[in-house]
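Below is one structure, written out as structure tokens, with a few remarks after it.
The values are calculated or read from the model by the stated rules, or taken from the named source; none is laboratory data. Predicted, not measured: the structure shown is a model, and the values here were computed from it. We place every Cβ from the backbone using ideal geometry, glycine too, and count neighbours over all the protein chains shown. For the accessible areas, the whole protein counts, side chains as well, though only heavy atoms, and no ligand, DNA or RNA atoms are used. Shrake-Rupley method; radii C 1.70, N 1.55, O 1.52, S 1.80 Å.
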Amino acid sequence: MAPTRARVPGIAPLASLLAAALLAAGCVSAPRLEASKDTVARMRRVVILTPRPPPLVINNMGVAMGFGVIGGLAQAQINLNNTKAFAAAVAEQKLNLTQPLVDALSQALARDGYQVSVDARQWPVKSADGKSDDFSAIKVDGDAILIAWFTIDGYMSDANSIHYEPWVGISVEMVDAATKQELYRKLIGVGWKMKIGNSVHLDADPTYRFRNYDAILSQAGKAVAGLNDCARRAADQVGADLAR
């Protein structure tokens, strides 16, 4: 399949990079709901909503992070500058980060026997309390709606590492198309292991480890291929979870 031109990926702002660093060091929990056998049996037609471009992140939890707030701010600024340069390289080369995820999910669900279609026009809004997704305005011709979004997409080098490895988090949610009842939800992390309770961790292909940031920037095509391979692994996990 020929690559589809995607919107330019976003970058995580400085505040988000600081939050990512805290997330890497701390422990939080993600919502999780496994699909029941009844759900898998009833759902025949699944409509995938096209995700938005991911917020790219290049994060180095290096020596500077050990020098308190000042060191942390300095390293976060370096990470932000590196992220901007990587995002610019991705945009310049028109590398796609969203369509491969949609394709991988479509293929995984089709292997399970679902009839799969894609809707690129609709997306849920946040509920009034900001704690859940509101699907009430979404109308599709199918039994279930499936959305997947990137919580993080990039490369991480932690304090104990001499290389960068993929750091990808993808949240997936499926709801009943008619009632909008949540049927399945999971956060899947691929590559660098995030400390998030209730999430599922998958290893990334070691082919996509880079010795330093310059190697990522000079091989942006390979770096994006690594992120897309992580997305495929996450999609395969969804397919396994929803297998008939």
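Some values worked out for this structure:
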| item | result |
| --- | --- |
| Enumeration of residues in segment 98-135 that are open to solvent by less than 40 Å² (accessible area, probe 1.4 Å) and part of a strand (DSSP E or B) | Asp119, Asp133 |
| Test result for Val190, at pLDDT 95 or above, surrounded by 20 or more Cβ atoms within 10 Å (Cβ to Cβ), of a type in the set (A, V, I, L, M) and over 20 Å from Ile145 (Cα atoms) | yes |
| Pair list, Cβ under 8 Å, 6 or more apart: segment 192-220 residue free of Cβ contacts under 8 Å to residues at least 24 places away in the same chain, other residue in a loop (DSSP other than H, G, I, E, B) and open to solvent by less than 30 Å² (accessible area, probe 1.4 Å) | His201/Met194 |
| Residues being of a type in the set (S, T, N, Q), more than 15 Å from the chain's Cα centre (by Cα) and part of a loop (DSSP other than H, G, I, E, B) - total across segment 32-60 | 1 |
| Residue identified as touching a strand residue (DSSP E or B) at 6+ places or on another chain (Cβ under 9 Å), buried (at least 16 other Cβ atoms within 10 Å of the Cβ) and in a loop (DSSP other than H, G, I, E, B) among Ile170, Ile145, Ile138 | Ile138 |
| Subset of segment 193-213 (residues that are aromatic (Phe, Trp, Tyr) and either within 15 Å of the chain's Cα centre (by Cα) or closer than 16 Å to Ile152 by Cβ (or both)) | Tyr208 |
